[in-house]
Amino acid sequence: MATKIKGLRNKTIICGCSSLGATITNKFSSEGKNIMVIDIEPKNFGRLSERFSGYTIVGDVSDLAVLEEAGINSAKEIVITTDDDNLNLFVAHIAKKLYGVPNIYVRLSEPDNEVLLKGMDIKAIYPLELSYDKFNLLRGGRK
């Protein structure tokens, strides 16, 4: 595990360096955002661009010590993109209820799980819906 990074304000934490997490991380990094990306598998950081200028932490995103090492106490946003809806929902609730992170985005595979976010001001990302929407646009909006 990396040592705690101090002095980064307005940071974005990305939980999970899957294809989606790495894509978001690379885009944010290219925009100059302060990024902390957490993944349990060190090899997943290989998805990051050579120009990535943030920090990586090898660890379990459900571990409060790992989230605190990433600076969740002062994060302006957290993007939770692991492949596990239950883990993503857990981390989203922790970020909101325990740490008061103002902007939370959570990847969900199952749209039915959105009910677990009701009234929490947590925004859901649905990769399958986004893929279909892009496909539909490419087809000229035909049904």
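Here are the numbers:
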item: Test: residue in the range 1-23 that is assigned to a loop (DSSP other than H, G, I, E, B), touching a strand residue (DSSP E or B) at 6+ places or on another chain (Cβ under 9 Å), modelled with pLDDT of 95 or more and surrounded by fewer than 22 Cβ atoms within 10 Å (Cβ to Cβ); result: no
item: Criterion violated by V58 - all others in (1) over 19 Å from R107 (Cβ atoms); (2) of a type outside the set (D, E, K, R); (3) surrounded by 20 or more Cβ atoms within 10 Å (Cβ to Cβ); (4) in contact (Cβ under 8 Å) with a residue 40 or more places away in the chain satisfied; result: (3)
item: Candidate set: the range 108-143, residues that are of a type in the set (S, T, Y) and in a loop (DSSP other than H, G, I, E, B); chosen: the one modelled with the lowest pLDDT; result: Y126
item: The range 61-85 - residue that is in a loop (DSSP other than H, G, I, E, B) and in contact with a Cys (Cβ under 8 Å, 6 or more places away or on another chain) and, of those, surrounded by the most Cβ atoms within 10 Å (Cβ to Cβ); result: V61
item: Residue under evaluation V58, criteria (1) at pLDDT 95 or above; (2) within 13 Å of the chain's Cα centre (by Cα), criterion not met; result: (2)
item: Test result for N88, assigned to a helix (DSSP H, G or I), under 16 Å from the mean Cα position of the chain (by Cα) and within 22 Å of N26 (Cβ to Cβ); result: yes
item: Set E69, E77: member being under 13 Å from the mean Cα position of the chain (by Cα), under 17 Å from N34 (Cα atoms) and acidic (D, E); result: E77
item: Check on Y105, surrounded by 15 or more Cβ atoms within 10 Å (Cβ to Cβ) and assigned to a loop (DSSP other than H, G, I, E, B); result: no
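The values are calculated or read from the model by the stated rules, or taken from the named source; none is laboratory data. This is a predicted model, so every value here is computed, not measured. All Cβ positions, glycine included, derive from the backbone under ideal geometry; neighbour counts span all protein chains shown.
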